[in-house]
Structure formats: C-alpha cells, structure tokens
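To start, the structure itself, in structure tokens.
Laboratory data are not the source of any read-out in this text; all were calculated from the coordinates shown. Bear in mind the structure is a predicted one, so any value in this text is a computation, not a measurement. Ideal geometry is used to build each Cβ from the backbone, glycine not excepted, and the neighbour counts take in all protein chains shown.
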Amino acid sequence: MRTAWGYDVENGIDPIISVSKFHEMTGNAYFTNNRAEAAVKAASQAIRNYCGWHVCPSVKCTAYPVGGSIVTKLPAAYVSSITKITENGRELMANVDYEWRRDGLLKRTKHHRWNDSWDGIIAEYTAGYTDEAVPDLAEAVCAIAAGVLAVSPGVTSESADGVSISFSANAASVAAGLTSQQKKALDPYRVISSHAA
C-alpha cells in the first residue's frame, strides 16, 4: 500500500493510538462522542503529515530513494533494520556496497555514487517507533483529538440580511492546524530531507 509520503508499507498503517486508548487516556471524557474515531485518525494523520512519514508503529517499508550522490536518505527518522537494498536489479551487500544509519541515511561505499535512474534503487527496511518508545506521541494525538471533539459540529454563527453563515471546523481541518507548541514537540520525529520518490 502506497503512503502519502511516497513509500509503500506491507499491511497499511493504523492510527498512532487506538480509540480505546484515547478513551482510556482521556478518562472516557469523549466516550459517547461518535466522532472520536475520526478525530483520532485525523490527529494521527496531522502528526504524520507534519513529520513527513508514518512515525509509529514499526512497519515494513519499501522506498525508492533518489541516487546520484554518495549519500541518499530513506523517508524515515528511525530505521530499525534494512532487509534488502537493490540497485539496478542487483542486491547490494551491507557494509560492503553500502552502509546505513538508524536515521535513514544510506551511504555508498568505495567512493561510488548511487544510481540516478528512476527507481534504480529499491530499499526494503523496517521503520517507525514502537508505542512504548514514544509516549509523547500518544499524548499529542490525545490533545489534538480532544481539541477536535471540543468543537461542536454545525453552524456556529448566522446573519440575516448580509447572509453570513459560519460552520465549525471539521476533524481534518482542526487537526491540520497544529499549534507551534505541538510542532516543536514533534520536531525530533520529522524527516528533514527525504529523497524517496
């Protein structure tokens, strides 16, 4: 399945936390709100879009990084393992043909450059944090989703002769408007530069 960030994942990606976890973390404050699931999904997506990758959980991925130089980058801020790197159909050997770092950087060895043809490099790897490693992300999802649910759906103001109707923001638009404080908390998880296509 292709993600919004230009790479494929094996079995799709669930929200960062489940709706039941959201209810648990918020003391069931929104348990009767039928928009809770949509709010959790929107909050997870807003976090991931800001960070430029799925962040959590740890999943198997396939990316097609752009070559042309000695170093290229996978679209991830944390890579736990590399399964296979193929260049022009030939499988490369780790620590012989290339080196990799947990931040997603891939370096070609022996002063070689990565192939620069489209999809000339195929990287199969596992990336993303486990739930236990990033409790702050769960808190961020809760804060954003709770903000979404605090906004009542429907018309928030009306006017007669000037014909002016205002609607409250929906889950997606509220979640997309991350605060500067939330962004600062998410900055360690951002992919600064990704060459995935």
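So which of Lys21/Lys107; Lys110/Lys183; Lys60/Lys110; Lys84/Lys184; Lys73/Lys184 end up more than 32 Å apart by C-alpha? Spell out each step's value before the answer.
Working: Lys21/Lys107 39 Å; Lys110/Lys183 39 Å; Lys60/Lys110 28 Å; Lys84/Lys184 34 Å; Lys73/Lys184 23 Å.
Where the Cα-Cα span goes over 32 Å, the pairs concerned are Lys21/Lys107; Lys110/Lys183; Lys84/Lys184.
Enter the mean projected area of the convex hull around the alpha-carbon atoms of region 62-141, in nm², rounded to one decimal.
5.7
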Using the number of other C-beta atoms within 10 angstrom as an exposure proxy, rank Met93, Met25 with the fewest first.
Met93, Met25
Alpha carbon Rg of region 102-142, scaled by the compact-globule rule 2.2 N^0.38 Å
1.83
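What's the extension gain from Asp136 to Asn34 if we count 0.36 nm per residue and subtract their Cα-Cα distance? Spell out each step's value before the answer.
Numbers: separation 102, 0.36 × 102 = 36.72 nm, distance 2.50 nm.
Roughly 34.2 nm would be gained on extension.
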Between Ser18 and Val71, what is the label-point separation in nm under the 7 Å Cα-to-beta-carbon projection?
4.1
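Could the peptides 81-89, 46-54 be put in order, highest first, of the mean number of other beta-carbon atoms found within 10 Å of their residues?
46-54, 81-89
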